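Have a look at the structure below before the remarks.
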Amino acid sequence: MTEQVRVRFAPSPTGHLHIGGARTALFNWLYARNKGGRFVLRIEDTDRTRSTDDYIEAIIQGMQWLSLDWDEGPFRQTDRFDVYRSYVERLLQEGKAYHCYCSVEELEQRRQLALAQGKPQKYDGRCRDLKEPVPGRVPVVRFRTPQHGETVVDDLIRGRVIFENSQLDDLIILRSDNTPTYNFTVVVDDVDMKITHVIRGDDHLNNTPKQIHIYKALGYETPRFAHLPMILGADKARLSKRHGATSVMSYYEMGYLPDALVNYLVRLGWSHGDQEIFSREELIRYFSFENVGNAAAVFNPEKLLWVNQQYIMAASPERLAERVIPFLEKEKIIEEGKELDMVWLGRAVKTLQERAKTLVELAASLRYYISDDIGFQEKAKEKFLTEKSLPLLRDLRNSLVSLTDFSHAGLEPVFKAVVEAHGVKLGALAQPVRVAVTGGTESPGIYEVLEVLGKERTLKRLDTAISSIT
């Protein structure tokens, strides 16, 4: 019987869920779903000075927005301190760990000396074979790392990576304040949670040989490792805040769709032929590590915007209408909590979704549909709401009063009759009407706009425009 795949996403709640973390979570989620496995969410909150409950909530919010649902958790490491200490005691009793009484100041002095002499800046092992405790000092516990031979990592992405054990440190596994350290808690958690595959950023690769030694010391089989390439900014530096928004929820605030961000993130390192746009089902079906590259990926905001536009164009107008509501409220286009006719809003959205790249843009474009207080752009008014266009607008307004079919099919003949009567081209009427009903010179087709606005509101806006000319 094949062992069930179990993977985990284990963020530290010292900040919001960022782009790199979200991609790591996504690759874990996809692998679990592809293999019919389990996806575990674990919060690594042992850094008490920087971890906060607010950041835990922010991480969970980001995961939920991206629809990266987990099967177990969230587990918090701070709830498991007794478990870690019991494992430390076991290693001490078996002689696989030892107490170290060196002070921080002494360690720093030795580090500086090693640096000056060009030697490795690692712990020199002087407490390794102490027989008695040092009076007046509270020790840390160090892991007794093998000093000879090599550690091999058969990475699912990077291939075979070899580390010389002589270069590894006797790492601290329990601090003097009795709190465990990262490299130790990770192994204990992965053992207890039966994690079969550790999928994480390649900035953790150097931790892997240390962790492998702890697995072996505890007598457990090591999981398979897959280290994802870094995400870089356009300048090839590691992605950071100076490259723009890196927090996942900031993309929500900028009006990106979660599926678009997921689609973009998965393509930062993974490919399936030349295909660019994927459904969730396709991502799950096609995902494998064979198609994950080992070169760093470059984050391209313009490409993400393009992907988002593809998703907006392909979305159902009804779903987009639901998603745009918070942005209409934020821009005060509607009052918070105000109920809208969602069928009508879906019709309005349908006329605009080919043009909008984000939900923020879509909300801004919907303003003239929703708010009757549109105002006229000054240049547009000067150019199109003139004495020349006045007779055309009046004739159209009077013709629309008796129109019963206020649809594209009903409106088009009325417009044609007016322009033929005045001997002008359609644009001579359509553009002044566009300014009259939207306040500006850009909008979907004029018949679509009037159909969504409806007869009563169209006539009111035409009356306002005519009054502004006279």
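The values are calculated or read from the model by the stated rules, or taken from the named source; none is laboratory data. The structure displayed is predicted, hence computed values, not measured ones. Every residue, glycine as well, gets a Cβ built from its backbone with ideal geometry; the counts of neighbours run over all protein chains shown.
Numbers for the structure displayed
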read-out	value
Where S176 falls short, out of the listed (1) in contact with a His (Cβ under 9 Å, 6 or more places away or on another chain); (2) without any contact (Cβ under 8 Å) to a residue 60 or more places away in the chain; (3) within 21 Å of Y84 (Cβ to Cβ); (4) polar (S, T, N, Q)	(1)
Matching option when the condition is at pLDDT 95 or above and crowded, with 18+ Cβ neighbours inside 10 Å, among V152, V188, V138, V161	V188
Qualifying residue in segment 408-417 (condition: under 41 Å from the mean Cα position of the chain (by Cα), more than 23 Å from F376 (Cα to Cα) and modelled with pLDDT of 95 or more)	yes
Neighbours by Cβ (under 9 Å, 6+ apart or cross-chain): first from segment 145-168, in contact (Cβ under 8 Å) with a residue 40 or more places away in the chain; second part of a loop (DSSP other than H, G, I, E, B) and among the charged types (D, E, K, R)	T145/D169; T145/D170; Q167/K122; L168/K122
Single residue of V414, V435, V424 found to be of a type outside the set (S, T, N, Q) and touching a residue at least 40 places away in the same chain (Cβ under 8 Å)	V435
Flag for L429 being out of contact with any Pro (no Cβ under 7 Å at 6 or more places or on another chain) and under 30 Å from L257 (Cβ atoms)	no
Flag if R397 is closer than 30 Å to G255 by Cα and among the basic types (K, R)	no
Cross-chain or 6+ apart pairs with Cβ under 7 Å, segment 103-115 first and among the aliphatic types (A, V, I, L, M), then at pLDDT below 90	A114/P120; A114/Q121; L115/Q121
Some residue of segment 125-134 being at pLDDT below 95, acidic (D, E) and under 43 Å from the mean Cα position of the chain (by Cα)	no
Of all residues making up segment 139-163, the number that are assigned to a loop (DSSP other than H, G, I, E, B) and closer than 15 Å to C100 by Cβ	3
Test: A356 is assigned to a loop (DSSP other than H, G, I, E, B), without any contact (Cβ under 8 Å) to a residue 60 or more places away in the chain, buried (at least 19 other Cβ atoms within 10 Å of the Cβ) and not charged (D, E, K, R)	yes
Near pairs, Cβ below 7 angstrom, 6+ apart or cross-chain, from segment 448-470 (more than 18 Å from S402 (Cβ to Cβ)) to any residue that is in a helix (DSSP H, G or I) and polar (S, T, N, Q)	E448/T351; V449/T351; V449/T438; V452/T351
Inter-residue pairs, beta-carbon under 6 Å, first of a type outside the set (D, E, K, R) and in segment 25-38, second buried (at least 24 other Cβ atoms within 10 Å of the Cβ) and outside any strand (DSSP E or B), 6+ apart	L26/L265
Search result, residues across segment 273-288 that are assigned to a loop (DSSP other than H, G, I, E, B) and aliphatic (A, V, I, L, M)	I277
Filtered residues of segment 22-40 (kept if farther than 19 Å from P258 by Cα and among the aliphatic types (A, V, I, L, M))	A32, V40
Filter result for the condition that a residue is part of a loop (DSSP other than H, G, I, E, B) and closer than 30 Å to P223 by Cβ, over G125, G136	G125
In segment 14-32, the residues that are polar (S, T, N, Q) and either part of a helix (DSSP H, G or I) or modelled with pLDDT of 95 or more (or both)	T24, N28
Boolean, E451 is within 30 Å of E329 (Cβ to Cβ), loosely packed, with under 12 Cβ neighbours inside 10 Å and outside the structural domain of K330 (by TED's automatic domain parsing)	no
Strands (runs of 3 or more DSSP E) wholly inside segment 33-121 that include at least 3 residues being surrounded by 15 or more Cβ atoms within 10 Å (Cβ to Cβ) and more than 19 Å from the chain's Cα centre (by Cα)	72-76, 97-100
